[in-house]
Structure formats: structure tokens, C-alpha cells
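What follows is a short report on a single structure.
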Amino acid sequence: MDWGKRCGIFAAGLLFGTAGVRILVSRDAKKLYAHCTAAVLRAKDALMDQATVLQENCTDIYEEAKAINEEREAQEAAEEIEEEAETAA
Amino acid sequence: MKAIIRHEIPGRLRVHFARRRLSFREADTLHYHLANLPGVESVQVYERTADAVIRYSCDRGALLAAIRSYDPAQAKAPPEVLEASGRAQQAAYRERIIASVVLHFGKRLLLPGPVRRLLTWGRALRFLWRGLRTIPQRRLRVELLDATAIGASVLSRDHGTADSVMFLLDVGDTLEEWTHKKSVSDLARQMSLHVSRVWRISGDTEALVDAGEIREGDLVMVRVGSLIPFDGVVARGEAMVNQASMTGEPIPVRRSAGKSVFAGTVVEEGELVVRVTKVSGSGRFDKIVHMIEESEKLKSNAESKAETLADRLVPYTLAGAALTWLLTRDVRKAVAVLMVDYSCALKLAMPISVLSAIREAGSHHITVKGGRFLEAVAEADTIVFDKTGTLTKAQPAVREVISFNGADARELLREAACLEEHFPHSIANAVVRAAAEQDLQHEELHAEVEYIVAHGIASTIAGKRALIGSRHFIFEDEGVEIPEGERERFEAIPEGYSPLYYAKDGQLAAVLLIEDPVKEGAARAIEALHREGVARIVMMTGDSEGTAQRIAASLGIDEVHAEVLPEDKARFVQLAKREGARVIMVGDGINDSPALSAADAGVAISSGAELARQIADITVGRDDLEAIVALRRLSELLMRRIHFNYRMIVGVNTALILLSMAGILPPATSALLHNASTLALGLKSTTKLL
């Protein structure tokens, strides 16, 4: 690596160590972090809400399916009884 | 509150309330309110979306009107119910799991390679640390296996596998923790919502009031066998208090004036007047959770057997992996063998089976305090039943009062009732009820009442010593005499009843004939138990020989012991155990407590004394004996499931190992199959047994 590059890297490191870190922990930066984290938490909340909605809807569908099948069976049983009654009569 | 119907089928309604979200408290209060409406079978409230799912069998219009008239600002739920809410815990765990899943897949999709690799290394270090920590214990454990697998993957640059492995392990851990915590809190909830009425002292009188009406500073009387309902300080009296539910000590401590007592502890001997310092919501739920977690009761033998077996298989898996690597020089294959480890499957499936069985028992109104007891019930070959209140209806009735001292039968009944009023015994209740039916008022005619366990009650009425109790107590212990000329009448007392003897001043005053009808379905239950393989069914009672024999014959009981003292019951149980039998004891009274502790599984019927319920390992919430048959069937099915799980896990995983060693299965597939089979078995173990 030539001398120029080394100087450059050194300078960058110096800058980072002094001004850079200062910027990263400054009040404004913290505000930025807070807002970002708040956004992430909101996203997480929205995700949880969606998961709940999904769960509710799936349960609805499942229960309805069970009800439909039960009704079908009841109907078939009723038909059988009718048939038996007819053949017996 | 305004609500709209989101989904409806006959008998099931999902309504959305006009709010964005409900807090946990609001959700719990709503749940309590809805669940208590007549005709409502089950309710589920989703707090995130402010939805409620209601299954009902009542009139739809009435239900909708009730929902519309619900006002969240006014509605209140009792503090014990709010305290025992599991909502926050459940929400927290759901979030953890969903977050895990989303983050895992999100990382794969969104994060750039180098960052991902860094994160993988970081997480891997945690597992490696966990594994290394077990080495000083000089035993090869699962954590070491996991650490080896993850370490090997990471070192061979197979970050994908390492990630998947860590993800599955984390999810598995969270699920196990969640299932455990949920079962503990379900159990605690069943146990904490129990005390409902207490004796409040105002001035000189005692009155039975709802626990909800007690305020700080009130005086509450707690007698033998009863639960101390609130935290407080002893104002009068002295007693031996069993604090097992607080401190875990089985030995009772003496509590006298000035000492403090805790809610949820039981008075074993004596009686106390307690000044209440903390009303409902005194953290009883938390105390019970603490007790359950502290006690060893949760581990079942079968369960721990499985766990130690899991650890014992670790060296074989390690050896197999090493062998594979030596033979094939393919690290991935060796890692595949490592991944197929028996222990994580065992550690997941076994506790889940047990806890799920406990929860299912709960749905049959049976509270089981630990997997160990289900195992004992499954293996039992002997059952010992207490008679009164267990095999016979909890509501015996007074048939006749025969006067022996010339006084009016009604007067004698009145006196007997005022003595029997204070005790939680089914025969005592019968006497009190008989007096109430005849409209006999009985204010406190007596001085202090002394209860002698399993024998009777002693007190003083108008200066004379009054006693009520069994034949043994009245005639043998206290030496009461039959008045002159009454001996013939005494011998002529009809058979077939349980007699209660009332004596005043050393002379027999009256005999109260108590009819103790057998519970319906008792004979059926006994027959069913015989069919389920319980060879020896025994009945023990303090009652007279004649009555006992008659009842035993009608029920099909194998062995009868009558006129038995409480110590004898316990001794019998211990003797049977020494002879190699596995014994279940079923009882309801204070005098059954020693036997309940001695048995392999002690079952208390819920209509009995608090002390019995606290000491018992299993509490049956219903009155009929069908529940005991159900308990036995459930336990046997659980044991069968545990054995099936074990064989399945060993079988499937051994097959996977052999297949991947032979190179027939690529390592990724074998890991996937292992995980899938583990999850499937875990899920299957949560299904109902009965």
C-alpha cells in the first residue's frame, strides 16, 4: 500500500474516533435511533395484529367447515331413516 | 358497547367491538362477563383485535342484547380472577415465537451475506458456551451434542445448516418453556379460585358471608380443616397451621394471638379468629404458582427416566458421528448424524404429553398436581375408598330422632344442630339441614365447641356437658350410659342407618338416625374400575359394621373395614404398599388426610374439607365417581402414549442415522426429517387422550 493510502486510512480512523463517535452518540442521532426503533416496534405490532387476524379467520373457516360436515351427516342420517321407514311401510 | 358481527354460524358468533384494542384487564373483564352469561358455553377474547368468539346454546337475541348492554367503564371482575389471568404471559410467548420465525426467515431474505455470517457466529458462540459448560460435569449431555453439531457446521462454512439448527433449538426451547409455564398457571388458576364463603364474626355472632364482602379489619373464624382465606393476624385462639402451600413445610406450625397467618394455609388442629390485613387479591395465585414450581411433584418417573435415557444415548450419537467422519471424511454427513439426536425429541415430547394430559384432566374437572400421580393411577392395583361423602351422597339426611331422655325430639334436634353447625362434615350438614327444614332456630346455646377428629363434638349446653358422635366416641371414650329402662329401645333401633349418638351430662339423650344413600352410578363406577384392572377395591369407614357390609355388598366392593379410626386407614395403606401394591386412596374428610398422604396417589373429592384437598395429589371437582374411572383411563392412555413416543423416537431416529450413514439420505434431508418428526410427535402429544 502506498504512502498516500496509508495516510488516508489513518486520517479516516482519526476522524471517526473523534468526530464520528461524537456524531453517533449525539442527541440528534439518539432521536433518530428512537424513531427508527419506534417504527420497528410499530411494525412488530402490526405483524402481531395480522397474525391474530389470520388466526381468527382460520378458526372461523375451520369451525364453519366442521359445521357444514355435521349438517351433511345429519341430513344423510335423516335420509337413511326416511328410506328405512319407506321400505318398512 | 357497540359491536358488529364478523362471522356467524349456528351456535358460534364472532363479534368485533368498536375499539382498536383492549388492554389485558379489559379483555379479562369482558371474558368474565361473557362467560357468566347463561347459555354461553365458551368464550375467547382476542385483545389485539378487540374480538370475542362466543359459543352459545341460548337464545341469540338475548345474547346480542347482553353484548350490546355491556359497558366497559362499569363492568368489574373479581380481583382473584384478574390476578389469575394468563393473558399477558400467553401474549408474550406468542410474540416471542412469531418474532423468532419472522426474524429467521427475514434474515435469510434481507440481510447481506457477511452480516448474516457474523450473526450466525455470534449465536453459535452462545450454544458452544452452553455445551462447553457441561464438560466439567463429567457427563455427556445434549447441550454438548448440539454445540458439536453447530460448531462443526460453522467451521465447515455451512452457515445455513447452523442457522437452521439454532433456530429449531430456540423454538423448541421456547415452546417447552411456554407449555410448562402455561400448565403451571392453569393448574394454579384451578386451585386458587376456590374459597367462596367465610365465617365473619361481628360482636358475639358468627355469620356465613361471601368472601367478597370481607374488608380489612374484619374478624374471621377459621375452624379445623378449613382454609385461612386471607392474610391476617391472629386475634384469638390457637391452632396448628399447615403452611405447606406457602413454605412447602409439611409440618404444621403453632399459631397464637399476635402471630401472622397467610391466605391459603390450612388449620389442622384448633381454631383461630383472624383479623384480616389483606383482602382478596392477596397474591394467592402467585403463591400457588410458587409452590407448584418449587415442589418436586411435577416430575414424573417415566418422564425423568426418559430424560436420563436421552443423556445416556449422547455418547452413542457422538461415536456414530465420529465413525461416519472417519469412514467418509465428509463433515456434513457426520453433522447430519449429530443432528439426529434422540434427546431433543424426548425432551420435547415427554413433558408435552404429561402436561397435556394434566390439562385434559382439568377439562374433566380433575386437578392433577403432577405427572407422577398419573403414572401411579395407571399402575395402581388397589383402591381404598372412604365411605361417607365419597361412595355415599354428600348429602346424607336425618331420618328420625329417637329421644332417650324424655325430652322432645325437636328440642334435641335443635341442640344437636347448633353444635354441628360449625363443621365441614357431610353428616354435620345433614343435621343442620334437618333442623332448618323443621324451622328450628338455634342461636348459640352452647359455650365453646371442641371438635375431636373422626370422633365427635364436645361442648357445654346450659352448664351440662353435651356430646355428639360415633358409638366409639360416646360409649367407649366418654363412658356415656344408657338411661334406666331404655336399654330395650336402644337394642331395637332399626338397622340400615348410620346412627349419631347425642349425650348430655353423661347420659344418652338421643339417637339421630342418618340415612346415607349411596351415590348413583357408584356401583357402575366400581364395576368399571374392576374392568380397568384394579383388582382390589377396599372400603374403609368409621361407620358401623352392619351399614358398611350392606353398602359394600350392594356395590361389589372386595374388602370392607368398618369402625375404623383415621390412623388405621393410613396404616392399612402403608401395609398394602409394603406388600408391593400400588395404592390409590379416595377420600373427602379431614380424617382421611394421613391416608391420602400415605397412598401412591391420594384423590380428594371436592365437596370435602380444604385440608384433604390441599394434601391430596389429585382433586376431583365433581360429585360422581365416573370421574375416577375417567382418571384411570386417562392415566393408562397417557402411559401408553409415553411408551409409544419413546419407541417412535428411538426407531425413527435410528433409521435416519443409519440411512444418512449409508449415504442414502443427504444430510440436509435427514436433519429435516428429524426435525419434522419431532415436531409432529410433539404436536400429536398435545391431542386429547380420551
message: Name the residue that is farthest from the other protein chains (Cβ to nearest Cβ), counting only residues in the range B:22-36 that are over 26 Å from the mean Cα position of the chain (by Cα) and in a loop (DSSP other than H, G, I, E, B).
response: B:Ser23
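Looking at the structure I just gave you, is B:Val220 farther than 20 Å from B:Ala77 by Cβ, surrounded by fewer than 17 Cβ atoms within 10 Å (Cβ to Cβ) and either at pLDDT 75 or above or touching a Pro at 6+ places or on another chain (Cβ under 9 Å) (or both)? Spell out the reasoning first.
Values: farther than 20 Å from B:Ala77 by Cβ: yes; surrounded by fewer than 17 Cβ atoms within 10 Å (Cβ to Cβ): no; either at pLDDT 75 or above or touching a Pro at 6+ places or on another chain (Cβ under 9 Å) (or both): yes.
Against the criterion (farther than 20 Å from B:Ala77 by Cβ, surrounded by fewer than 17 Cβ atoms within 10 Å (Cβ to Cβ) and either at pLDDT 75 or above or touching a Pro at 6+ places or on another chain (Cβ under 9 Å) (or both)), B:Val220 does not qualify.
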query: Taking B:Tyr93, is it within 30 Å of A:Leu47 (Cα to Cα) and either more than 14 Å from chain A (Cβ to nearest Cβ) or touching a residue at least 60 places away in the same chain (Cβ under 8 Å) (or both)?
result: yes
query: Somewhere in the range A:40-54, is a residue within 29 Å of B:Ile54 (Cβ to Cβ) and surrounded by fewer than 11 Cβ atoms within 10 Å (Cβ to Cβ)?
result: yes
- prompt: Hey, any hits in the range B:107-128 for a residue that's within 14 Å of chain A (Cβ to nearest Cβ) and among the polar types (S, T, N, Q)?
  reply: no
query: Quick check: anything in the range B:676-686 surrounded by fewer than 21 Cβ atoms within 10 Å (Cβ to Cβ), modelled with pLDDT of 80 or more and over 29 Å from the mean Cα position of the chain (by Cα)?
result: yes
- request: Tell me which of these B:Tyr46 doesn't satisfy, since it passes every other one: (1) under 22 Å from A:Asn57 (Cα atoms); (2) more than 13 Å from chain A (Cβ to nearest Cβ); (3) not β-branched (Val, Ile, Thr).
  value: (2)
task: State whether one or more residues within the range A:68-79 are farther than 30 Å from B:Ile54 by Cβ and surrounded by fewer than 10 Cβ atoms within 10 Å (Cβ to Cβ).
output: no
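Any residue at all in the range A:16-39 that is within 14 Å of another protein chain (Cβ to nearest Cβ) and surrounded by 10 or more Cβ atoms within 10 Å (Cβ to Cβ)?
Of all residues in the range A:16-39, those within 14 Å of another protein chain (Cβ to nearest Cβ) come to none.
No: the range A:16-39 contains no residue that is within 14 Å of another protein chain (Cβ to nearest Cβ) and surrounded by 10 or more Cβ atoms within 10 Å (Cβ to Cβ).
If a residue has to be assigned to a loop (DSSP other than H, G, I, E, B) and more than 24 Å from the chain's Cα centre (by Cα) to count, how many in the range B:534-551 make the cut? Quick ask: steps written out before the conclusion?
Looking only at the range B:534-551, we keep the residues that are assigned to a loop (DSSP other than H, G, I, E, B), and these are B:534-535, B:541-544.
Checking which are more than 24 Å from the chain's Cα centre (by Cα) leaves us with B:535, B:541-544.
Matching residues across the range B:534-551 total 5.
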- prompt: Of the residues that sit in the range B:1-21 and are farther than 30 Å from A:Ile68 by Cα and within 12 Å of chain A (Cβ to nearest Cβ), which one is nearest to the chain's Cα centre (by Cα)?
  reply: B:Arg21
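Can you confirm whether the range B:76-87 contains a residue that is within 14 Å of another protein chain (Cβ to nearest Cβ) and buried (at least 16 other Cβ atoms within 10 Å of the Cβ)? Working first, answer last.
Within the range B:76-87, the subset within 14 Å of another protein chain (Cβ to nearest Cβ) is B:87.
So of that shortlist, the ones also buried (at least 16 other Cβ atoms within 10 Å of the Cβ) come out as B:87.
Within the range B:76-87 (the criterion being within 14 Å of another protein chain (Cβ to nearest Cβ) and buried (at least 16 other Cβ atoms within 10 Å of the Cβ)), the answer is yes, since at least one residue qualifies.
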- request: Give just the number: which of (1) more than 16 Å from the chain's Cα centre (by Cα); (2) more than 9 Å from chain B (Cβ to nearest Cβ) does A:Asp60 not satisfy?
  value: (2)
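Quick one: count up the residues across the range B:55-77 that are part of a loop (DSSP other than H, G, I, E, B) and free of Cβ contacts under 8 Å to residues at least 12 places away in the same chain. Before the answer, list the steps.
Keep residues of the range B:55-77 that are part of a loop (DSSP other than H, G, I, E, B), which gives B:57-59, B:69-77.
Now restrict to residues that are free of Cβ contacts under 8 Å to residues at least 12 places away in the same chain: B:69, B:73-74.
Number of matching residues: 3.
The values are calculated or read from the model by the stated rules, or taken from the named source; none is laboratory data. Keep in mind that this is a model prediction, so the values were computed, not measured. We place every Cβ from the backbone using ideal geometry, glycine too, and count neighbours over all the protein chains shown.
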